[in-house]
Amino acid sequence: PSPSQSALRGKKVFSDVGCALCHTPKMQTAPVMNSPVLQNRPVNLYSDMMVHHMGSNLADDITQGQAAGDEFRSTPLWGVGQRMFFLHDGRTSDLLQAIRQHASAGSQKCPASEANKVIDNFNELAPADKQAILAFLRSL
């Protein structure tokens with residue numbers, strides 16, 4: 001089925017508030033891969049695959065490679081509409097709560113979340129625009 005009008009509006013608002021800075025809508029696969037069918041293809045991943053400081057709210061204090069306990073790779077949102085739990089540890093089943101938990105002040109232990117400004121932008125949206133983003137995410 002095609003996305004609803006609300007989901008289509010949400011896709012634009014998602015980008016306008018800054019979510020697409022880390023949850024990049026489209027990436028390109030490498031021009032040379034083991035499988036030719038995967039070469040140089042667009043992927044609607046909704047991730048930049050980068051590691052970001054997310055602050056003390058999401059920190060789990062687990063160091064993985066070079067990533068500190070408050071750093072996480074942008075989770076691909078492809079298929080997020082089918083997930084039952086959200087965030088790296090499945091702490092919530094509420095998509096709105098998952099968005100809001102991207103915000104976090106800094107502490108002695110870790111810097112502030114890189115998403116704070118984007119979440120501020122999200123929080124300033126009209127309720128209909130917040131719902132449009134949720135409809136968009138559920139359509140993925």
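The values are calculated or read from the model by the stated rules, or taken from the named source; none is laboratory data. Since we're looking at a predicted model, the values are computed, not measured. Accessible surface is based on the protein model in full, side chains and every heavy atom, while ligands, DNA and RNA are left aside. Shrake-Rupley method; radii C 1.70, N 1.55, O 1.52, S 1.80 Å.
Suppose only helical runs count, i.e. DSSP H with n ≥ 4. What mean residue ellipticity at 222 nm does that imply for the chain under -39500 (n - 2.57) per run, divided by all residues and rounded to the nearest 500 deg cm²/dmol?
-8500 deg cm²/dmol
Which of P111, P76, P31 moves most in a GNM of the chain, Cα contacts under 10 Å?
Residue with maximal mean-square fluctuation among P111, P76, P31: P31.
Could you put V32, V43 in order of accessible surface area, largest first, with the 1.4 Å probe and the full protein assembly present?
V32, V43
Only helices at least 20 Å long along their own axis, judged from Cα atoms, and with Kyte-Doolittle mean hydropathy of 0.0 or greater: name those in the chain from DSSP H. Spell out each step's value before the answer.
Details: long enough: none.
Both cut-offs are met by no helix.
Quick one: compute the contact order of the chain, relative version, from alpha carbon pairs under 8 angstrom and 6+ residues apart, as a percent. Before the final figure, lay out each step's value.
Numbers: 235 pairs, mean separation 45.0, N = 140.
Contact order relative to length: 32 percent.
Pick out which of N40, N116, N57 has the largest mean-square fluctuation in a Gaussian network model of the chain, springs linking Cα atoms closer than 10 Å.
Its mean-square fluctuation being the largest, the pick is N40.
Please report, to two decimal places, log10 I(q)/I(0) for the chain at q = 0.09, 0.15, 0.17 Å⁻¹ as given by the Debye formula with identical point scatterers on the Cα atoms and no solvent.
-0.30, -0.80, -0.99
Would you kindly state how much longer the chain becomes between N116 and S35 on full extension, computed as 0.36 nm times their sequence separation minus their alpha carbon distance, in nm to one decimal?
Stretched fully, the N116-S35 segment lengthens by 25.2 nm.
When only the heavy atoms of the protein chains count and the probe is 1.4 Å, how do D70, D94 rank by accessible area, highest first? Write out the running numbers ahead of the final one.
Working: D70 10, D94 75 Å².
Highest to lowest solvent-accessible surface, that is D94, D70.
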